């Protein structure tokens, strides 16, 4: 029998944003240490799905170029270049989940990243996330 991880994927997505944001600010940081520190933070009562969190962060880092290209094709290069780091991080994670986590329905991923965005950003930026990830998801449907 397979033991299911009891952690929350919603909380894992928030921690993934924090991990990638930290890694983007500190180029010397090690991804495994950042993830471990976030998981072990006792200030929150929430528990992460450790496997999902780790896979999401590592896959996003590994596929960064493809993810950025997908985001740019769904928006445009000048718009992407002007975005704040936090917005880019959320878009990369959302795009990664849409492309590489096929076991999660597209509409679930879209709504989760709108929710994640609203934890960090204003309504206009959350709308931008929704619009771009919606276009990205349509590109996936057209490719597949």
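Please state which of the following conditions residue 132 fails to meet, knowing it meets all the rest: (1) surrounded by 19 or more Cβ atoms within 10 Å (Cβ to Cβ); (2) within 17 Å of residue 16 (Cβ to Cβ).
Among (1) surrounded by 19 or more Cβ atoms within 10 Å (Cβ to Cβ); (2) within 17 Å of residue 16 (Cβ to Cβ), residue 132 violates only (2).
Does segment 18-36 contain any residue that is without any contact (Cβ under 8 Å) to a residue 24 or more places away in the chain, part of a helix (DSSP H, G or I) and buried (at least 20 other Cβ atoms within 10 Å of the Cβ)?
Among the residues of segment 18-36, at least one is without any contact (Cβ under 8 Å) to a residue 24 or more places away in the chain, part of a helix (DSSP H, G or I) and buried (at least 20 other Cβ atoms within 10 Å of the Cβ), which makes the answer yes.
This table checks each residue for (1) farther than 21 Å from residue 25 by Cα; (2) at pLDDT 95 or above.
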position: 75; (1), (2): yes, no
position: 82; (1), (2): no, no
position: 86; (1), (2): no, yes
position: 89; (1), (2): no, yes
position: 94; (1), (2): no, yes
position: 98; (1), (2): yes, yes
position: 102; (1), (2): yes, no
position: 109; (1), (2): yes, yes
position: 114; (1), (2): yes, yes
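In the set 54, 78, which member is without any contact (Cβ under 8 Å) to a residue 40 or more places away in the chain, in a helix (DSSP H, G or I), over 18 Å from residue 106 (Cβ atoms) and in contact with a helix residue (DSSP H, G or I) (Cβ under 9 Å, 6 or more places away or on another chain)?
From the options 54, 78, the qualifying one is 54.
Is it the case, given these coordinates, that residue 103 is at negative phi and not in a loop (DSSP other than H, G, I, E, B)?
So residue 103 does not fit the description; no.
Among the residues of segment 106-123, what is the count of those that are surrounded by fewer than 13 Cβ atoms within 10 Å (Cβ to Cβ), in contact with a helix residue (DSSP H, G or I) (Cβ under 9 Å, 6 or more places away or on another chain) and not in a helix (DSSP H, G or I)?
Number of matching residues: 0.
Of the conditions (1) surrounded by 12 or more Cβ atoms within 10 Å (Cβ to Cβ); (2) part of a loop (DSSP other than H, G, I, E, B); (3) free of Cβ contacts under 8 Å to residues at least 12 places away in the same chain, residue 45 fails just one. Which one is it?
It is condition (1) that residue 45 fails.
The values are calculated or read from the model by the stated rules, or taken from the named source; none is laboratory data. This one's a predicted model, so the numbers in the text were calculated from it and none came from an experiment. We place every Cβ from the backbone using ideal geometry, glycine too, and count neighbours over all the protein chains shown.
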